[in-house]
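The values are calculated or read from the model by the stated rules, or taken from the named source; none is laboratory data. Remember, it's a predicted structure, so these values are computed and weren't measured experimentally. Note: ideal-geometry Cβ built from the backbone for every residue, glycine included; neighbour counts use all protein chains shown.
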Amino acid sequence: MLAYLLWALCAVVFFAIGIYAFAAKKAVSIYANIKEPPKVTDVRAYNRAVGVLWTVSGVIFLLLGLPLLTGQNSPLALISVFGVVFECIALIAGLVIVEQKYRRHH
């Protein structure tokens, strides 16, 4: 149960990042340690797309943690582990696609 609560806390963080992106007035940076956000053509649409990616990722992350509730040493926990790997790859790919779509070309 404690493992799922910690898992759910991480999902809430993903969801909060998405809400922050929805509310941001300036383009949000999708990578850590980037001092300058990307130059985009439509800030509102870009932030909305990034927000959707993060909130959906948070929901999927929360659902992937459900097998942790089946008990200690359950083989279903592998669904959580491998599911998160594929979810993170999909999230990164989605963020790259969104950035390329809205990037302002000089």
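Identify the single condition in (1) touching a residue at least 60 places away in the same chain (Cβ under 8 Å); (2) surrounded by 12 or more Cβ atoms within 10 Å (Cβ to Cβ) that Gly58 does not satisfy, given that it satisfies every other one.
Result: Gly58 fails condition (1) only.
Does the stretch 94-106 hold any residues that are exposed (fewer than 11 other Cβ atoms within 10 Å of the Cβ) and in a helix (DSSP H, G or I), and which are they?
Gln100
Where the second residue is of a type in the set (S, T, N, Q) and in a helix (DSSP H, G or I) and the first is surrounded by 13 or more Cβ atoms within 10 Å (Cβ to Cβ) and lies in the stretch 1-16, which pairs have Cβ atoms under 9 Å and are six or more apart or on separate chains?
Trp7/Ser80; Ala11/Ser57; Phe14/Thr55; Phe14/Ser57; Phe15/Thr55; Phe15/Ser57
Just the residues that are under 12 Å from the mean Cα position of the chain (by Cα) and buried (at least 19 other Cβ atoms within 10 Å of the Cβ), please, taken from the stretch 19-48.
Ala21, Ile30
Can you tell me which residues in the stretch 64-73 are touching a residue at least 60 places away in the same chain (Cβ under 8 Å) and in a loop (DSSP other than H, G, I, E, B)? Write out each step before concluding.
Our first condition is that a residue be touching a residue at least 60 places away in the same chain (Cβ under 8 Å); within the stretch 64-73, this holds for 65-66, 68-69.
Residue satisfying the conditions is Gly65 alone.
From the set of residues in the stretch 20-45 that are touching a helix residue (DSSP H, G or I) at 6+ places or on another chain (Cβ under 7 Å) and in a helix (DSSP H, G or I), which is farthest from Val84 (Cα to Cα)?
By that ranking, first place goes to Ala45.
Any residue in the stretch 74-95 that is of a type in the set (S, T, N, Q) sitting within a Cβ distance under 9 Å of a residue that is at pLDDT 90 or above and outside any helix (DSSP H, G or I)? List the pairs, counting only those 6 or more apart or interchain.
Close Cβ pairs (under 9 Å, with a partner that is at pLDDT 90 or above and outside any helix (DSSP H, G or I)) amount to Ser80/Gly65.
Does Asn47 fit the bill of being free of Cβ contacts under 8 Å to residues at least 60 places away in the same chain and touching a strand residue (DSSP E or B) at 6+ places or on another chain (Cβ under 9 Å)?
Criteria met by Asn47.
How many residues, within the stretch 70-91, are of a type in the set (A, V, I, L, M) and surrounded by 14 or more Cβ atoms within 10 Å (Cβ to Cβ)?
Here the count works out to 5.
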